[in-house]
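Student: Next up is a structure, given as C-alpha cells.
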Amino acid sequence: MKTWDVAEIEEAFRLYWNTGMIREDWDAWADLFTEDVVYDERVLGTMNGRETVRAWIKPLMVKYGEIYGIYHWHHVDPSGRVVFHMDNRRDHPSGDGYLDFPGMTVLQYAGDGKWSHEEDYWAEKLSVQCYLAYEKALKTHDARHRERRTRLHWGDGPEWTKGPPSYWDHHPDERPAGL
C-alpha cells in the first residue's frame, strides 16, 4: 500500500478547502482532482472524470450560491485518506443566525496535490428542511438575500477554514447591480 507524508496530504487538503470552500473557485477546485477521479455523491450519484465533476459542480454552486461550508474537523491518514466533517450553511435572510445541514466527506490523495476519489455524505432530509425554511425566510425578510451570498458565520474552526463576509469579496466583477 502506498503511503504519503502526512504534511504533504495536509497541505493538499488545506488547498482543497481554500480553493472550494473559501475562494469558491470551482474551476480551480476541479483541477485538484485526477483526470480519472471517481466522485461518489451519495445523494446525487457517481461521477467519473474531472471534466464530469467540473460540469456538475459549477452550475450546482451557482444554483445554491447562498450555501457555504463550515469546517468542524478533519483526519489525515498516511494512506492518503482524509475524512472531514462540515456543515452546509445559509445565513438567515433576517440577518440573525443561520440554517445548517451536516455533511461528511472522504477523500483519497493521489500525490502531486491531486485527489483520485471523493465520497460525499449529507443529511438529505435536513437539507430539504433547511431549504424550505430558507425559502420561507426569503419571502418574509429579504427576497434578494440569495444574491447577496453572505458568509457571516464561519464557525469555530481554525483561521485557515474561514473566508470573507461575502462571496463577492473574492468575485467583485461578478456582483449583480444593486448589491
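Student: Determine which single condition Thr46 fails, assuming it passes every other condition in (1) among the β-branched types (Val, Ile, Thr); (2) assigned to a strand (DSSP E or B); (3) crowded, with 19+ Cβ neighbours inside 10 Å.
Tutor: Among (1) among the β-branched types (Val, Ile, Thr); (2) assigned to a strand (DSSP E or B); (3) crowded, with 19+ Cβ neighbours inside 10 Å, Thr46 violates only (3).
Student: From Lys63, Lys58, which residue is of a type in the set (D, E, K, R), on the phi < 0 side of the Ramachandran plot, exposed (fewer than 13 other Cβ atoms within 10 Å of the Cβ) and within 17 Å of the chain's Cα centre (by Cα)?
Tutor: Sole residue among the options that is of a type in the set (D, E, K, R), on the phi < 0 side of the Ramachandran plot, exposed (fewer than 13 other Cβ atoms within 10 Å of the Cβ) and within 17 Å of the chain's Cα centre (by Cα): Lys63.
Student: Additional query: Any idea which of Lys114, Lys125 is basic (Lys, Arg) and touching a residue at least 24 places away in the same chain (Cβ under 8 Å)?
Tutor: Details: Lys125 fails: touching a residue at least 24 places away in the same chain (Cβ under 8 Å).
From the options Lys114, Lys125, the qualifying one is Lys114.
Student: Scan the range 144-163 for residues that are part of a loop (DSSP other than H, G, I, E, B) and either touching a residue at least 24 places away in the same chain (Cβ under 8 Å) or at positive phi (or both) and report the count.
Tutor: 11
Student: May I pose another question? Do any residues in the range 1-27 that are more than 16 Å from Gly80 (Cα to Cα) have Cβ atoms under 8 Å from those of residues that are of a type in the set (A, V, I, L, M) and surrounded by 12 or more Cβ atoms within 10 Å (Cβ to Cβ), where the two are at least six apart or on different chains, and which pairs are they?
Tutor: Here the result reads Thr19/Ala28; Thr19/Leu32; Met21/Met86; Glu24/Met61; Trp26/Ile57; Trp26/Met61, each pair linking the range 1-27 to a residue that is of a type in the set (A, V, I, L, M) and surrounded by 12 or more Cβ atoms within 10 Å (Cβ to Cβ).
Student: Ok, one more. Among the residues of the range 66-84, which ones are over 11 Å from the mean Cα position of the chain (by Cα) and either part of a strand (DSSP E or B) or of a type in the set (Lys, Arg) (or both)?
Tutor: His72, Trp73, His74, His75, Val76, Arg81, Val82, Val83, Phe84
Student: Does Ala137 qualify as being more than 22 Å from Leu32 (Cα to Cα), free of Cβ contacts under 8 Å to residues at least 40 places away in the same chain and of a type in the set (A, V, I, L, M)?
Tutor: Here the answer is no, as Ala137 does not meet what is asked.
Student: Would you check which residues across the range 11-30 are of a type in the set (D, E, K, R) and either surrounded by 14 or more Cβ atoms within 10 Å (Cβ to Cβ) or in contact with a Pro (Cβ under 9 Å, 6 or more places away or on another chain) (or both) and list them?
Tutor: Arg14, Arg23, Glu24, Asp25
Student: Taking the range 1-43, which residues are of a type in the set (Ser, Thr, Tyr) and in a loop (DSSP other than H, G, I, E, B)? Write out each step before concluding.
Tutor: The initial filter retains those residues of the range 1-43 that are of a type in the set (Ser, Thr, Tyr), namely 3, 16, 19, 34, 39.
Selection gives Thr3 alone.
Student: Further question: Test Glu119 against the stated conditions and say whether it is in a helix (DSSP H, G or I) and surrounded by fewer than 17 Cβ atoms within 10 Å (Cβ to Cβ). Write out each step before concluding.
Tutor: Numbers: in a helix (DSSP H, G or I): no; surrounded by fewer than 17 Cβ atoms within 10 Å (Cβ to Cβ): yes.
So Glu119 does not fit the description; no.
Rundown of residues vs (1) over 29 Å from Asp169 (Cα atoms); (2) of a type in the set (Val, Ile, Thr), yes/no style:
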| position | (1), (2) |
| --- | --- |
| Ala12 | no, no |
| Phe33 | no, no |
| Asp40 | yes, no |
| Arg50 | no, no |
| Val53 | no, yes |
| Trp73 | no, no |
| Ser94 | no, no |
| Gln108 | yes, no |
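Student: I would also like to ask the following. If Pro93 satisfies all but one of (1) without any contact (Cβ under 8 Å) to a residue 60 or more places away in the chain; (2) surrounded by fewer than 20 Cβ atoms within 10 Å (Cβ to Cβ), what's the number of the condition it fails?
Tutor: Just one mismatch for Pro93, condition (2).
Student: Let me ask something else. Among the residues of the range 96-111, write down those that are touching a residue at least 60 places away in the same chain (Cβ under 8 Å), more than 15 Å from the chain's Cα centre (by Cα) and surrounded by 15 or more Cβ atoms within 10 Å (Cβ to Cβ).
Tutor: Tyr109, Ala110
No lab work stands behind these numbers, since they all come straight from the coordinates. Only a predicted model underlies this, so the values are computations on that prediction, with no experimental measurement involved. Cβ sites come from the backbone with ideal geometry, for glycine too, and all protein chains shown count toward neighbours.
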